[in-house]
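What follows is one structure encoded as C-alpha cells, with my remarks underneath.
The values are calculated or read from the model by the stated rules, or taken from the named source; none is laboratory data. Since the model is a prediction, treat every value here as computed from it, not as a measurement. In this analysis, Cβ positions are derived from the backbone assuming ideal geometry, glycine residues included, and neighbour counts consider all displayed protein chains.
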Amino acid sequence: MTYCVALRVEAGLVMLSDTRTNAGLDNIAMFRKTFTYEVPGERAIALLCSGNLSVTQEVKTKLSRALKDAAAEPEAGIETILNCATMHRAAHLVGDAMKAVQHELRSGMISGDDNLLGASILVAGQRKGGKLRLYMIYSEGNFVEATADTPFFQIGEHKYGKPILDRIITRETSLADAAKCVCVSMDSTLRSNLSVGMPLDLSIIPRDEYRFSVRRRIEADDPEFTQISRAWGAALRRGFEALPSLID
C-alpha cells in the first residue's frame, strides 16, 4: 500500500508521497510514487500513484513513451502531457492510458477479479496561461477535479492523515503551512500503518511560476521532518492533558 496527498491552495500545489510497496509482511520494497515533468516557464506536472504497481508503472511507461516519440519525431504531432492544450486534456491523457492498461491486463487475467488491478493517480500542475489544477484519476480512467470546497486529494492509506487536512487546509493556506500540514498528515499515517514507509518525496509548484520550487527526498533521518514529528506529538500530548475530564 502507500499514501499520497496533494493540495491545491491559492499559492500553489503541494504534493507528498511515501515509497513503500508491500505484498505481505515479508515482501516489502521501495518504489518512487511521485513523477515530475517540467518545461521551465511553460508547465510543470506531477503524477502521484497508488494501488497495483504493475498498473501504475505501465501507465507511466505509456506516458513516457509518448514523450520520447514526440521528441524524436516532432513533425508527427504526437500529443503528450507536456504539449497538450490544457491540464484538463493532460488528465484525459492519463485517464486514457489508465483505461488502455486496465483493458490489456484484464484480458489476460484468469480470475477476473477487477479489484486486483485497482489503482489511482493524482495529476497536479499548471501550464502557462492556465490555472492550477488537481485531478484524481480512477482505475476506470475517469476523473474528478479538486475544487475550492475540496482543495486536497488523498489516495492509498488516507484515513489516518485526513483529520489534520480537514482542520487546517483552506484556499488561503500558505505554501509553507501546506508543506508542514502534509508532513503532519504523513507522520500520522506512518505511525498508524506499517504499509506506509520512508523515504518520502515532497514536490511544490508555486502559482504562475510553471516550475517545481521543491523536489525533495525526505529520508528517515531528515532533521526537519523529525522535528515536525516530535513537535506535533508533544503538542498533541499537551492538548490532551488540557482537555476537561468527563468523570470525577
Review point. So, of the residues in the stretch 156-177 that are under 23 Å from residue 20 (Cα atoms) and not basic (Lys, Arg), which turns out to be surrounded by the most Cβ atoms within 10 Å (Cβ to Cβ)?
Key: 161
Check your understanding: Hey, any hits in the stretch 93-108 for a residue that's on the phi < 0 side of the Ramachandran plot, in contact (Cβ under 8 Å) with a residue 60 or more places away in the chain and either outside any helix (DSSP H, G or I) or not acidic (Asp, Glu) (or both)?
Key -> no
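State whether the residues of the stretch 133-151 include one that is closer than 23 Å to residue 2 by Cβ and touching a Cys at 6+ places or on another chain (Cβ under 9 Å). Steps first, please.
First, pick out the residues of the stretch 133-151 that are closer than 23 Å to residue 2 by Cβ: 133-146, 150-151.
Among the residues that remain, those that are also touching a Cys at 6+ places or on another chain (Cβ under 9 Å) are: none.
No, there is no match, as no residue in the stretch 133-151 is closer than 23 Å to residue 2 by Cβ and touching a Cys at 6+ places or on another chain (Cβ under 9 Å).
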Check your understanding: Which condition number does residue 116 fail, the rest of (1) closer than 20 Å to residue 17 by Cβ; (2) at pLDDT below 95; (3) not aromatic (Phe, Trp, Tyr) being met?
Key -> (1)
**Study point:** Residue among 187, 248, 201, 222 that alone is surrounded by fewer than 12 Cβ atoms within 10 Å (Cβ to Cβ) and either within 17 Å of residue 32 (Cα to Cα) or not aliphatic (A, V, I, L, M) (or both)
**Key:** 248
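So that you can scan it fast, the table gives a plain yes or no per residue for (1) over 30 Å from residue 117 (Cα atoms); (2) of a type outside the set (A, V, I, L, M, F, W, C); (3) over 15 Å from the mean Cα position of the chain (by Cα); (4) at pLDDT 95 or above:
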site: 138; (1), (2), (3), (4): no, yes, no, yes
site: 169; (1), (2), (3), (4): yes, no, yes, yes
site: 175; (1), (2), (3), (4): yes, no, yes, yes
site: 210; (1), (2), (3), (4): yes, yes, yes, yes
site: 223; (1), (2), (3), (4): yes, yes, yes, yes
site: 226; (1), (2), (3), (4): yes, yes, yes, yes
site: 242; (1), (2), (3), (4): yes, no, yes, yes
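Could you say whether any residue in the stretch 48-57 is β-branched (Val, Ile, Thr), more than 17 Å from the chain's Cα centre (by Cα) and not in a strand (DSSP E or B)? Write out each step before concluding.
So the first thing to find is which residues in the stretch 48-57 are β-branched (Val, Ile, Thr), and the list is 55-56.
Now drop any that are not more than 17 Å from the chain's Cα centre (by Cα), which leaves none.
Looking through the stretch 48-57, none of the residues is β-branched (Val, Ile, Thr), more than 17 Å from the chain's Cα centre (by Cα) and not in a strand (DSSP E or B).
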Study note, to complete from the structure: Filtering the stretch 58-75 down to residues that are of a type outside the set (Asp, Glu) and loosely packed, with under 14 Cβ neighbours inside 10 Å yields 61, 65, 68, 71, 72, 74
Practice item. For the stretch 64-87, enumerate the residues that are assigned to a helix (DSSP H, G or I) and over 17 Å from the mean Cα position of the chain (by Cα). Key: 64, 65, 66, 67, 68, 69, 70, 71, 72, 74, 75, 76
Check your understanding: When the stretch 156-183 is examined, which residues are found to be small (Gly, Ala, Ser) and part of a loop (DSSP other than H, G, I, E, B)?
Key -> 174
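Can you tell which of 217, 230, 238 is outside any loop (DSSP other than H, G, I, E, B), in contact with a strand residue (DSSP E or B) (Cβ under 7 Å, 6 or more places away or on another chain) and surrounded by fewer than 15 Cβ atoms within 10 Å (Cβ to Cβ)? I'd like the intermediate steps shown before the answer.
Numbers: 230 fails: in contact with a strand residue (DSSP E or B) (Cβ under 7 Å, 6 or more places away or on another chain); 238 fails: in contact with a strand residue (DSSP E or B) (Cβ under 7 Å, 6 or more places away or on another chain).
It is 217.
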